[in-house]
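Readers should treat all values here as calculations from the given coordinates under stated rules, not as data from a laboratory. Because the structure is predicted, anything quoted here is derived from the model rather than measured. Neighbour counts are summed over all protein chains in view; Cβ atoms, including those assigned to glycine, are modelled from backbone coordinates with ideal geometry.
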């Protein structure tokens, strides 16, 4: 890949300014979604799966 | 410029017509299972319906949609006439003949074996031959996709294949690999048994061959939805695709890790040992990664759109997205359902945890939500997006309102239908039951929840009819809108790829890796049946009286 | 903002690392449950001839049901057929390791036991074996959970989990549901 240089093409300076925080919003949304997923999985693991006993 | 519009429309209309009819069967089935009294409710009818519903939704809707959309992408993204058009039409005819053969056989009661058709239960050979013809038609599609991309690359050396086409061809590669399992099972085991040429069948082998197909087939269904996420939704939202490179990598990871994982459908089976179940469980964990990557990349793409539209703050961009556009709305609803459907899938894949849910309603809930929900809602959105190009007429504001209504109804109906199912499955409600004895105190409390699910199903049926109605209206519009699109406006990446590595522009390397993965994952699990032949199981013919 | 392409790639890689961590946690806990807590998919690979299941060997009728072996182990043997389990009711002790061994005389069946992790396919040609401990007493349902024909909906057995002091084997070591 060519060495990373300037700003993304096709956007004017005001647009680039408004895009300053990207991708912090996406990180926040994705992290919350995946975090909740982990919690839900853990709750099922601890409260339903483990108490139901051995299998093998 | 899409020239083969009739080819695309033929595929999509067959897919959607079968879908709408199958939806009616689905609601009737839920009615039969509920404490409410349903007409014609005997087990023969029930299992005939389940087979028809499953075959239609899992094999016909999906394959025909993927094929039609693939032809559309090949012409619109490559901006080039489809090669081998005659072959493409021949493939369609094979699929039509196969569909008619399979559906007629099922509806006549001669193949109530369910769409998973586990031998030794065997139906009329014409059911299986019908399915083989549909697959054969799809193999023609694969060939056309490969040729279209190869010809374009020859004419555009060193240029990146448009992402939508790259992903479509990845899907074709995956489909070619995955159909080997079910084709082998049908051609070498089931069809000979159905004709009566063999009297016994190796059930362990057939379940294992079928499992080969079972996981990647759902990704075959899923690819169009992800193609829309990456190449259509960011444009509809008014933003940019955050990273095209990550998009390509995600599709490659999906191709690699959706195939050697079929044994996770056999976790509870006695014919496979711990070692290979564990290996494939590990590989399944890897296939979660591209989906989680997609969640971030598409969120970032939408964040760009929202911020360009004036959104500020950590989450303000969400409200500033053009939710009035069906593609944007559908993407949001799809991601919401993906949390639940994907989460359920995480439970299913977690090795020992599978014992908690195998063959319960949790499984039925999971695949209705992830496929019927996240994936099919994107099929609707894709149809709404490409129909103007196909029929030369754009929707007006009223049409768009009905499109949004239909999408909301689908998402809400799907949640209402599947959430109680998940809960009941966790409490032991088992699958494929034509009649529950609600007078049994152990299961009486399930009744009201089954009725709630049924209400969700009715909402879905209404949404299915509204979808077909919305498409018909687009055909019927007398007045073309002011701006009739002649081509697709695909999403622009934030940074266009200027020089593309061969690995991200073709499949030679990935096919080689796949060969290694499939040998490692499946060679012994299949070879063991040849090395240690098990005593054959007598074939049970469901289509013969007496 | 990702002002350069390099920043975009770096943010994606950071997210990929986080996602991998998530997968490692889940897979690790699954592995822990498998190795340390005895929660594994039943994977005993043992072949048997479905055509002679009833006639010779382990699954003849006198052998079916719950039996305390001479070494003290509790073993339950059942046969799955269209459309009943034989026997249709079994008694098992609470809080003691039980081994379930099942096979099919005809088509594919499967079982789960409500409220427990007991779940296995019953595939003709193979013996399914499940080790478990029933934690709580009571009457549980053991339905056939895989489509096996038109009578599938009516196919289920009952599992009666009794306290240890009520689990009394007869002279041959067998315990059955009785009236």
> Length gain on complete extension for the stretch residue C:47 to residue C:31, per 0.36 nm per residue less the alpha carbon to alpha carbon distance?
Replying inline: 3.0 nm
> Roughly what would the spin-label model give for residue B:153 and residue B:38, points 7 Å off Cα along C-beta, in nm?
Replying inline: 4.9
> How far apart, in nm, are the 7 Å Cα→Cβ label points at residue C:4 and residue B:438?
Replying inline: 6.7
> Any idea what % of Cα-Cα pairs in the stretch B:38-183 are farther than 27 Å?
Replying inline: 32
> FRET efficiency for residue B:79 and residue A:42, Cβ-Cβ distance as r, R0 = 56 Å, nearest 0.05?
Replying inline: 0.70
> With each run of n ≥ 4 DSSP H residues scored as -39500 (n - 2.57), what mean residue ellipticity at 222 nm is computed for chain B after dividing by its residue count and rounding to the nearest 500 deg cm²/dmol?
Replying inline: -23000 deg cm²/dmol
> Could you give the angle, 0 to 90 degrees to the nearest 10, between helix B:85-107's Cα long axis and the longest principal axis of the Cα atoms of chain B?
Replying inline: 40
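What number in nm² do you get for the protein assembly as shown if you take the convex hull of its Cα atoms and divide its surface by four?
Orientation-averaged projected area of the Cα hull: 33.2 nm².
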> By the gyration tensor of its Cα atoms, with a ≥ b ≥ c the square roots of the eigenvalues, what is the shape of the stretch C:50-175: rounded for a/c under 1.5, prolate for a/b over b/c, or oblate?
Replying inline: oblate
> If you count the DSSP beta bridges with both ends in the stretch C:50-175, what percent of them are antiparallel, to the nearest 5?
Replying inline: 70
>> Please compute the length gained on full extension between residue B:498 and residue B:324, using 0.36 nm multiplied by the number of residues separating them and subtracting their Cα-Cα distance.
In response: 59.2 nm
> Against the longest principal axis of chain B, how steep is helix B:326-349, in degrees 0 to 90 to the nearest 10, with axes from Cα atoms?
Replying inline: 40
> Assuming R0 = 41 Å, what is the FRET efficiency of residue B:524 and residue C:139, from their Cβ-Cβ distance, to the nearest 0.05?
Replying inline: 0.45
> Quick one: if the Förster radius is 51 Å, what FRET efficiency do residue B:282 and residue C:89 give, using the C-beta to C-beta distance and rounding to 0.05?
Replying inline: 0.80
>> Can you give me the distance in nm between label points at residue B:309 and residue B:489, each placed 7 Å from the Cα along the Cα-to-Cβ direction?
In response: 1.3
>> Quick check: the angle from helix B:446-476's long axis to the longest principal axis of chain B, C-alpha only, nearest 10 degrees?
In response: 40
> How large is the convex hull of the Cα atoms of the stretch C:1-40 per residue, expressed in Å³ as a whole number?
Replying inline: 45
